Amino acid sequence: MSQTTNPEDRNYERKLEEMSPFEIKGTLISLAEKDAQRSTATFLNAGRGNPNWLLSFPRSAFFLLGQFAVSESERRMYDAPSGIASSPTEGGVAERFRAFLDAHKDDPGAHVLCHYYTYMTTEHKADPDDLVFELVDGILGDHYPTPPRILKYTEIMTRDYLRWAMGGGDDMTTYDLFATEGSTAGMCYVFNTLQANYLMGKGDKMALFTPCFTPYIEIPQLAEFGFEIVNVSANKVEKDGYHDWQFPKEEIDKLRDPSVKAVCITNPSNPPSVCLSPEVLDQLVDVVKNDNPNLMIITDDVYGTFIKGFRSLMYVLPYNTICLYSFSKYFGATGWRVAAMALRSDKNVFDDRLAALPQDKKDLLNKRYESLVLDPSKIKFIDRLVADSRLVGLNHTAGLSCPQQVQMALFSAFAYLHHDELQPKLIAMIHERLNDLWSTTGFTLLPDPNRAGYYSEIDLMVWAKKFYGQEFADFLNTNYEPLDFVIRLADETAVVLLNGDGFDGPKWSVRASLANLDKDAYLKIGTAIRKILDQYHAEYLKSKK
């Protein structure tokens with residue numbers, strides 16, 4: 001933005017609206033920082049989804065484990081003065097590990113490691129030396145991940161955590177996991193492998209539940225994919241004027257068309273931050289059961305742990321669903337880039353659709369994967385994801401780095417073994433911030449058992465009508481670009497929010513993250529939101545005169 005550009009100029013705003021909200025964010029931050037410099041306002045950026053907390057105990061476990069692992073490698077040195085050590089060996093490593101933990105028994109990290117070790121060796125009968133060696137060799141990162149898809153015990157521990165986190169309860173359905181560099185990497189892998197394996201092609205219909213994470217809108221429309229997008233929208237406003245961000249029956253019914261091959265869902269949603277209601281889940285089951293049994297469901301459930309009793313589609317429609325779960329939000333670990341994709345092991349729609357391909361397509365795919373196994377036709381969809389992530393030829397180097405996988409296992413162990421005490425505290429912290437935000441807007445936040453509250457999407461047009469009437473709402477639409485609100489908010493109050501229409505939400509909606517600022521900041525943000533709305537109303541009254 002040039003020095004002479006007025007940020008509230010409509011032509012300038014129209015140009016900005018062509019960009020992703022994540023790209024617009026840079027402009028908003030610049031405006032907010034300038035306002036904070038020239039006024040007494042405090043720069044407050046609620047546009048980021050990165051949490052301002054982290055779980056320290058599993059990280060303490062990681063770094064304590066690192067000390068033990070280095071000591072294991074240094075048991076045999078090639079050149080001690082230079083620190084050239086050997087790769088560790090497995091024999092007796094569990095006994096040495098237990099002695100190490102006993103020597104550090106007051107360290108919180110030792111407690112996590114001890115719980116993980118005890119759980120795996122008792123509940124899953126893991127061989128002690130084999131288990132500890134995976135941790136030691138993994139955290140040192142001196143070998144490629146083996147198997148490439150996910151390490152043996154990391155998969156077992158993460159599988160148990162996901163069964164709890166995704167609402168599996170006592171359901172012992174076995175899922176194959178693929179550890180990825182965040183769920184965003186997993187989503188890229190899914191799109192690539194669907195296309196490479198002729199399960200989706202250019203012009204094929206993919207449904208998107210909106211509002212949703214903007215890249216999931218943008219990626220399928222790239223030239224290399226060229227999918228036809230079917231929007232399934234939750235932008236409906238209830239008869240009393242309030243959004244519930246659920247999907248009306250007529251929207252879900254769009255999936256009854258068998259030509260809709262796949263659907264991409266963020267559950268709980270981003271930015272409305274509500275999970276699919278039991279009624280919507282029942283409708284989806286009816287759609288699949290009666291009209292579209294081969295529908296491929298791709299669900300990103302990163303925010304599920306912020307709702308007590310959350311139930312993922314991977315347990316509602318296990319045959320049809322591949323689930324992506326990232327550890328980034330619940331654990332404060334966006335920089336770790338750790339996630340897992342889960343697909344039912346024994347029977348799923350992806351493998352069955354591969355088996356139903358015409359022979360000429362099968363022949364081409366056998367040629368694609370022939371370097372991996374003697375009978376490439378038997379390679380499962382999830383293993384094709386792994387191979388395709390390294391263009392097949394580099395399959396032996398695929399997989400999430402071993403140190404990242406070790407941290408994921410420790411995250412899983414800590415959160416699973418302490419879920420009764422951990423989850424309520426994180427949920428309460430988020431909801432306290434949410435209530436503070438809304439309390440100073442003057443808006444009404446209705447109770448909703450389906451609300452995660454990690455974000456809040458506020459449709460300003462709803463409140464414009466409720467406070468000042470339809471004529472004022474029409475005045476806003478006629479005289480201003482929807483982006484004007486977040487521009488003014490940044491330029492005049494040093495507050496950064498993202499524009500909701502960039503997520504395919506209502507045009508006059510804004511997204512506030514409840515994760516990345518302390519609670520007092522949200523009182524100020526709510527006040528700033530109401531200030532700008534009232535400012536528009538003052539301009540409306542002036543125009544009437």
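Assorted remarks:
- Qualifying residue in the stretch 161-180 (condition: buried (at least 18 other Cβ atoms within 10 Å of the Cβ), within 22 Å of Leu365 (Cα to Cα) and not β-branched (Val, Ile, Thr)): yes
- Residue within the stretch 374-388 that is small (Gly, Ala, Ser), in contact (Cβ under 8 Å) with a residue 40 or more places away in the chain and under 29 Å from Lys347 (Cα atoms) present: no
- In the stretch 158-274, counting only helices (runs of 4 or more DSSP H) that sit wholly within it, the ones holding 1 or more residues that are of a type outside the set (D, E, K, R) and within 30 Å of Met461 (Cα to Cα) span 214-218, 249-252.
- Beta carbons closer than 7 Å, at least 6 apart along the sequence or on distinct chains, pair a first residue in the stretch 447-473 that is open to solvent by 20 Å² or more (accessible area, probe 1.4 Å) with a second that is of a type in the set (D, E, K, R) for Asp448/Asp244.
- Selection of the stretch 327-371 for residues being open to solvent by 40 Å² or more (accessible area, probe 1.4 Å), touching a Pro at 6+ places or on another chain (Cβ under 6 Å) and either in a loop (DSSP other than H, G, I, E, B) or of a type in the set (S, T, N, Q) (or both) yields Asn366, Glu370.
- Helices (runs of 4 or more DSSP H) enclosed by the stretch 1-107 - at least 3 residues per element that are more than 30 Å from Val136 (Cα to Cα) and over 24 Å from the mean Cα position of the chain (by Cα): 10-16, 21-38
- Only one of Glu95, Glu90, Glu23, Glu123 that is surrounded by fewer than 16 Cβ atoms within 10 Å (Cβ to Cβ) and within 30 Å of Arg488 (Cα to Cα): Glu23
- Filtering the stretch 196-214 to residues that are within 25 Å of Ser233 (Cα to Cα), out of contact with any strand residue (DSSP E or B) (no Cβ under 6 Å at 6 or more places or on another chain) and among the polar types (S, T, N, Q) leaves only Thr214.
- Residue match in the stretch 284-300 (condition: free of Cβ contacts under 8 Å to residues at least 40 places away in the same chain, open to solvent by less than 10 Å² (accessible area, probe 1.4 Å) and part of a loop (DSSP other than H, G, I, E, B)): yes
Results for (1) under 30 Å from Pro376 (Cα atoms); (2) of a type in the set (Val, Ile, Thr), shown as yes or no for each residue.
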residue	(1), (2)
Ala179	yes, no
Thr184	yes, yes
Lys202	yes, no
Lys205	yes, no
Glu218	no, no
Leu255	no, no
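- Test for Asp484: is it surrounded by 15 or more Cβ atoms within 10 Å (Cβ to Cβ) and either over 23 Å from the mean Cα position of the chain (by Cα) or more than 30 Å from Thr118 (Cα to Cα) (or both): yes
- For the stretch 185-194, the tally of residues that are under 14 Å from Cys323 (Cα atoms), open to solvent by 20 Å² or more (accessible area, probe 1.4 Å) and in contact (Cβ under 8 Å) with a residue 60 or more places away in the chain stands at 1.
- Scanning the stretch 334-367 for residues that are more than 28 Å from Ser259 (Cβ to Cβ) and touching a helix residue (DSSP H, G or I) at 6+ places or on another chain (Cβ under 7 Å) turns up Trp336, Arg337, Val338, Ala339, Ala340.
- Members of the stretch 131-160 found to be open to solvent by 40 Å² or more (accessible area, probe 1.4 Å) and farther than 30 Å from Arg75 by Cβ, listed by number: Arg149, Arg159
- Checked across the stretch 492-511, the condition of being of a type in the set (Asp, Glu), in contact (Cβ under 8 Å) with a residue 60 or more places away in the chain and on the phi > 0 side of the Ramachandran plot holds for at least one residue.
- Scan of the stretch 204-227 for residues that are modelled with pLDDT of 95 or more and open to solvent by 10 Å² or more (accessible area, probe 1.4 Å), ordered by number: Asp204, Lys205
- Given (1) touching a strand residue (DSSP E or B) at 6+ places or on another chain (Cβ under 7 Å); (2) modelled with pLDDT of 95 or more; (3) surrounded by 20 or more Cβ atoms within 10 Å (Cβ to Cβ), number of the condition Pro271 does not satisfy: (2)
- Some residue of the stretch 232-242 being in contact with a helix residue (DSSP H, G or I) (Cβ under 8 Å, 6 or more places away or on another chain), free of Cβ contacts under 8 Å to residues at least 60 places away in the same chain and open to solvent by less than 30 Å² (accessible area, probe 1.4 Å): yes
- When Thr397 is tested against the conditions (1) within 26 Å of Trp336 (Cβ to Cβ); (2) surrounded by fewer than 17 Cβ atoms within 10 Å (Cβ to Cβ); (3) at pLDDT 95 or above; (4) not aliphatic (A, V, I, L, M), the lone failure is (3).
The values are calculated or read from the model by the stated rules, or taken from the named source; none is laboratory data. Just so you know, these numbers come straight off a predicted model, no measurement behind them. Using ideal geometry, Cβ is built from the backbone for each residue, glycine included, and neighbour counts are taken over all protein chains shown. For accessibility, only protein heavy atoms count, side chains too; no ligands or nucleic acids. Shrake-Rupley method; radii C 1.70, N 1.55, O 1.52, S 1.80 Å.
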